[in-house]
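Please read the structure below before turning to the comments.
The values are calculated or read from the model by the stated rules, or taken from the named source; none is laboratory data. Given the structure is predicted, the values throughout are model-derived calculations rather than measurements. For neighbour counting, all protein chains shown are included, and Cβ atoms are generated from backbone atoms with ideal geometry for every residue, glycine included. Areas reflect the complete protein model, heavy atoms only, side chains present, ligands, DNA and RNA absent. Shrake-Rupley method; radii C 1.70, N 1.55, O 1.52, S 1.80 Å.
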Amino acid sequence: MVRLPLKQLLLEDPDKVLVLDGGQGTEMENRGIKVANPVWSTIPFVDKSFWEDKSSAQRRIVEGMFDDFMKAGAEILMTVTYQASFKSVSENTPIKTLPDYTNLLTKIVDFSRECIGEDNYLIGTIGPWGAHVCCEFTGHYGPRPESINYYEYFRPQLELFNTNDNLDLIGFETIPNVHELKAILSWDERILSKPFYIGLSVHENGVLRDGTTMEQIGNIIKGLGNRRNPNLLLLGINCVSFNESPNILESLHRALPDMPLLAYPNSGEVYDTEKKIWNANSDKLNSWDTVVKRYIDCGARIIGGCCRTSPADIAEVSAAVKKYT
Ligand SMILES: C[S+](C)CC[C@H](N)C(=O)O
Ligand SMILES: N[C@@H](CCS)C(=O)O
Ligand SMILES: [Zn+2]
């Protein structure tokens, strides 16, 4: 293997900050793939022609997207599997059985590795339980969020990601609810046997979407003691307000000063879950240069962009990372 194992890289090179890619689902949409559907950005992979015709238009779009993020400086990239849980896929596409699902996910992971080559790192991304009911920006998980069987929901995707050597890291993204967070944190190395991170979905007022404070999250993690899964490499924020993201990351850093962090905010636009469109919010008060510096100052080791950020944004992230490391 050309690249060092990620855990080793983060430990042995404490000044290294990895540049992540940008918002894949929305970038695919910019390039002509209609992602407004129940499996969202997984949609092109469900079409047989994606695999049968290597020059299909959709395949070229996804390859072009990976290429442009790498040209912009990304050195750690994601599989497009945010809304590819077994539940989402089997309820909304012709892929109904576990073997067919496993086959699909394996093809997506292996294709992504081919796109990014052996030098770059690959993250197997897993959206939250709330993604399939579109409540990752509210955290409203119904009357008894503590009773949801999160493991059952994640297991098929997780088991495949654990064992596929093309993946360096598993990424739980946009987690908005503390019960879901606690469930993930309770899983030991038998369930999560590969390095992983958790990206929190945080309101612009600085609390998790369900109201949990960063201080409370810090206490939950500290309270794990020696039950903490050693594969938890990073904690951070994703798809959060661009303007507020440095303040939010700083509050997470105050709560957990020794924790390696990651940050990939969205463009600042706000998602309309009914119409599946993005609406302008407030003007950008900061530049990537400013936010990246503040992320690095509080211990960020992976920095990139989430929804509605493009290769042009990642080029700015990359320039700032070079400047401040
Ligand atoms: C991060 S959001 C834009 C993903 C899409 C959402 N869960 C939906 O289904 O519309
Ligand atoms: N990795 C996903 C995150 C959605 S919030 C994407 O970029 O589409
Ligand atoms: Zn996002």
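For segment 44-60, filtering for residues that are hydrophobic (A, V, I, L, M, F, W, C) and open to solvent by 20 Å² or more (accessible area, probe 1.4 Å) leaves 3.
Each residue in segment 288-320 was checked for being within 19 Å of L10 (Cβ to Cβ), crowded, with 19+ Cβ neighbours inside 10 Å and not charged (D, E, K, R), and 10 of them qualify. The residues of segment 1-32 that are under 30 Å from K276 (Cα atoms), away from ligand 3 (no atom under 16 Å from the Cβ) and hydrophobic (A, V, I, L, M, F, W, C) amount to a single one, V19.
Suppose we keep only residues that are touching a helix residue (DSSP H, G or I) at 6+ places or on another chain (Cβ under 6 Å) and outside any helix (DSSP H, G or I) within segment 177-193. Which one would you say is surrounded by the fewest Cβ atoms within 10 Å (Cβ to Cβ)?
S193
In segment 23-43, the residues that are more than 13 Å from I61 (Cα to Cα) and open to solvent by 20 Å² or more (accessible area, probe 1.4 Å) form Cβ pairs under 9 Å with partners that are of a type in the set (K, R) and modelled with pLDDT under 95, at six or more places apart or across chains, as follows: A36/K275; A36/K276; N37/K276; W40/K276.
Within segment 61-91, being under 26 Å from I303 (Cα atoms), open to solvent by 10 Å² or more (accessible area, probe 1.4 Å) and more than 15 Å from the chain's Cα centre (by Cα) holds for I61, E63, G64, D67, D68, M70, K71, A72, G73.
Would you check which residues across segment 7-30 are more than 19 Å from S318 (Cα to Cα) and away from ligand 1 (no atom under 16 Å from the Cβ) and list them?
First, pick out the residues of segment 7-30 that are more than 19 Å from S318 (Cα to Cα): 7-8, 11-12, 25-26, 28-30.
Scanning segment 7-30 gives K7, Q8, L11, E12.
Taking the criterion of being open to solvent by less than 20 Å² (accessible area, probe 1.4 Å), in contact with a strand residue (DSSP E or B) (Cβ under 7 Å, 6 or more places away or on another chain) and of a type outside the set (G, A, S), the residues of segment 237-254 that qualify are I237, N238, C239, V240, I248, L249, L252. Filtered by the rule that a residue be part of a loop (DSSP other than H, G, I, E, B) and closer than 18 Å to D67 by Cβ, segment 2-38 gives D21, G22, G23, R31, G32, I33. Going through segment 124-167 one residue at a time, which ones are open to solvent by 20 Å² or more (accessible area, probe 1.4 Å) and within 16 Å of ligand 2 (Cβ to nearest atom)? W129, H132, V133, C134, F137, T138 - these are the residues of segment 124-167 that are open to solvent by 20 Å² or more (accessible area, probe 1.4 Å) and within 16 Å of ligand 2 (Cβ to nearest atom).
Is one or more of the residues making up segment 204-223 touching a His at 6+ places or on another chain (Cβ under 9 Å), surrounded by fewer than 17 Cβ atoms within 10 Å (Cβ to Cβ) and part of a loop (DSSP other than H, G, I, E, B)? The answer is yes; a qualifying residue exists.
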